[in-house]
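The values are calculated or read from the model by the stated rules, or taken from the named source; none is laboratory data. Here the structure is a predicted model, which is why all the values come from computation and not from measurement. For neighbour counting, all protein chains shown are included, and Cβ atoms are generated from backbone atoms with ideal geometry for every residue, glycine included.
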Amino acid sequence: MEKLEKNFDAKRQPVKRLALTGALAAGMIMMPSVVGVAPVMAQQQQQQRSDNQLSYSELIKKASSGEVRKVELDETDQTARVYLKNQKPDAPPLRVQLLNQNGELIAKLRQNKVEFGEASSANSRAAVGLLINLIWILPLVALMLLFLRRSSNASSQAMNFGKTRARFQMEAKTGIKFDDVAGIEEAKEELQEVVTFLKQPEKFTAVGARIPKGVLLVGPPGTGKTLLAKAIAGEAAVPFFSISGSEFVEMFVGVGASRVRDLFKKAKDNAPCLIFIDEIDAVGRQRGAGIGGGNDEREQTLNQLLTEMDGFEGNNGIIIIAATNRPDVLDAALLRPGRFDRQVIVDAPDRKGRLEVLKVHARNKKVDPAVSLEVIARRTPGFTGADLANLLNEAAILTARRRKEAITPLEIDDAIDRLTIGLTLNPLMDSKKKRLIAYHEIGHALLATLLPHSDPLNKVTIIPRSGGVGGFSQQILNEEVIDSGLYTRAWMKDNITMTLGGKASEVEVFGEPEVTGGASGDLKMVTNIARKMVTMYGMTDLGLVALENQNYDVFLGRDWVTRNEYSEEVAIKIDRKVREIATQCYQEARRIIRENRALVDRLVDLLVEQETIEGEQFRQIVAEYTQLPEKELAKASQ
């Protein structure tokens, strides 16, 4: 018995020390939680003692009388949990406070053959305490890991700051071939040679030809320069790097040059390959154009680009394709042969090209058989490939909004008007303003029909559009004139006269006091055309001298100080000639409106009633009143 008691006490000491150490650590870590939970635990323990408490002497008596069924000794808390024989199965055990030496109790339990054993609650309590601590510690650990991750990302970005940001594809997966590019056949033919160079270089090197180092795509926005680069990459099936010019330059000095070096290093490792630099004017502008001194980061980047393209070391097998719509601001050293050997002009397509573009973009759209792509191509001179794609997309949106199954000619007409003039608004109520707008637009339309050198009328309407447009008179522009830019003097004068027809109609019908400011846009157009006739085209008696440049774009540094190319005396003569041309055309417009006043009134009444008059109907009415020859009518209808 004494041996059992000694073993029992020996086992109890490490358990007590372990429990004390664990409690101390938990208390230091979670002091606020312990302070908040301690009163609650004390209250619960006091309640349990009052209900299930049994004294030490009573336990010995009950063990001697055989009423005890099982005893569990908890050395950590110095308590015993007692289960009585007459106790309900679901009843909680009775708690007894033990002494330091419990030899008598153990002897009584062994004598009466009562089941007893050691049951410590330290493990369960330690687990619960650890779980509570982890609930509070884990968010702190997660927050620390987040900060560490951000700091590591920042350090890695700092290390990779000078690395190129070009997108690399071992085999370009653009999904675009030359068959998907239409309307720019001349540019495709020149670029097809680049693909052949990459696929079959021996065909050209056998006769001493050298692979071009660079190809510069030049053209207005939306003409398909980036699309052509994608088609070249898709056709060549060689490694392809693509990057924008703005991605080279950063606020830190030297980063752009470092990225250029890294880009060409990777390109050399994967030669033969293609490098496409979009919007190269962001990094290739003329050097020395800045005002003042300082270290120009963009200039350093350009110098590095020039060195890599054609410096002391050659870049064999690397072809650079760049795109820009501002070739006038590029540095001369960048444009010379040996760097960009070819400059491919990607211009707006002609009528045949527009038709091919429309066929490409109409592949995945449901188009009614009544829609003629040829008519659309004829009605959209000056449209680029992006404009035509947007046109068909707008027509498809209108078709879906109107719950139709296919695109009809009505959606095409509305889409053209929406892109060229503006969004349709609610029609005006019948009022004085509506009739005034009708007289203004009829003045334009009538002169467009009667003047011999003017473009034929397409339609006239008084349905307002977004942007403050109360109505408009639309002509069918001469594509040959628009594409070539060869405007005749007769066409210009008739165009000025037609443009002033709206104001002339207002004056003849309502008088000078009732004239509105609706002709402000017309006057700007008249001034522009008349000034070009005087200063650029030599169509007056001032002589065959170009007095102004056609390009009025100011390049900072180069064109900072502007100067007149003529004297003050010549400037006065220019102003007089411009005013003289405008006045003559205005008087001619008023004369035509005055002589056809009855026709104007009838056309206004019809326009107010219908709100839109098509060009064919308009010309028939004019022919009835003015006896317009049949051949002129047929010519205008074409």
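Does T21 satisfy being within 30 Å of W136 (Cα to Cα) and at pLDDT 50 or above?
Against the criterion (within 30 Å of W136 (Cα to Cα) and at pLDDT 50 or above), T21 does not qualify.
Looking at the structure I just gave you, is G214 more than 22 Å from Q304 (Cβ to Cβ) and either at pLDDT 85 or above or in contact with a Gly (Cβ under 6 Å, 6 or more places away or on another chain) (or both)?
On the way: more than 22 Å from Q304 (Cβ to Cβ): no; either at pLDDT 85 or above or in contact with a Gly (Cβ under 6 Å, 6 or more places away or on another chain) (or both): yes.
Against the criterion (more than 22 Å from Q304 (Cβ to Cβ) and either at pLDDT 85 or above or in contact with a Gly (Cβ under 6 Å, 6 or more places away or on another chain) (or both)), G214 does not qualify.
Go through region 177-211 residue by residue and tally those that are surrounded by fewer than 19 Cβ atoms within 10 Å (Cβ to Cβ), outside any helix (DSSP H, G or I) and either in contact with a strand residue (DSSP E or B) (Cβ under 7 Å, 6 or more places away or on another chain) or in contact (Cβ under 8 Å) with a residue 12 or more places away in the chain (or both).
Adding up the residues that qualify gives 3.
Suppose we filter E58, E104 for residues that are outside any loop (DSSP other than H, G, I, E, B), surrounded by fewer than 16 Cβ atoms within 10 Å (Cβ to Cβ) and modelled with pLDDT under 75; which single one remains?
Answer to the selection: E104.
Check every one of the helices (runs of 4 or more DSSP H) wholly within region 456-548 and list those with 1 or more residues that are surrounded by 18 or more Cβ atoms within 10 Å (Cβ to Cβ) and either at pLDDT 90 or above or of a type in the set (V, I, T) (or both).
Where helices (runs of 4 or more DSSP H) fall fully within region 456-548 and carry at least 1 residues being surrounded by 18 or more Cβ atoms within 10 Å (Cβ to Cβ) and either at pLDDT 90 or above or of a type in the set (V, I, T) (or both), they are 489-499, 501-510, 520-535.
Out of everything in region 196-247 that is under 16 Å from I345 (Cα atoms) and polar (S, T, N, Q), what residue ends up being farthest from the chain's Cα centre (by Cα)?
T223
With out of contact with any His (no Cβ under 7 Å at 6 or more places or on another chain) and without any contact (Cβ under 8 Å) to a residue 12 or more places away in the chain as the only criterion, which of G471, G443, G543 stands out?
G543
So N426 ticks every box in (1) assigned to a helix (DSSP H, G or I); (2) of a type outside the set (G, A, S); (3) surrounded by fewer than 17 Cβ atoms within 10 Å (Cβ to Cβ) but one. Which box is left unticked?
(1)
Can you tell me which residue is farthest from the chain's Cα centre (by Cα) among those in region 559-599 that are aromatic (F, W, Y) and modelled with pLDDT under 90?
For region 559-599, the residue satisfying everything is Y566.
R326: at pLDDT 85 or above, under 29 Å from the mean Cα position of the chain (by Cα), surrounded by fewer than 18 Cβ atoms within 10 Å (Cβ to Cβ) and more than 30 Å from E202 (Cβ to Cβ), yes or no? Break it down into steps so the answer makes sense when it comes.
On the way: at pLDDT 85 or above: yes; under 29 Å from the mean Cα position of the chain (by Cα): yes; surrounded by fewer than 18 Cβ atoms within 10 Å (Cβ to Cβ): yes; more than 30 Å from E202 (Cβ to Cβ): yes.
In short, yes.
Find the helices (runs of 4 or more DSSP H) located wholly in region 297-406 whose residues include 2 or more that are farther than 21 Å from K213 by Cβ and in contact with a Lys or Arg (Cβ under 9 Å, 6 or more places away or on another chain), and list them.
The qualifying helices (runs of 4 or more DSSP H) are 297-310, 351-361, 373-379, 385-401.
So which of K359, K459 is basic (K, R) and outside the structural domain of T488 (by TED's automatic domain parsing)?
Selected residue: K359, the only one of K359, K459 that is basic (K, R) and outside the structural domain of T488 (by TED's automatic domain parsing).
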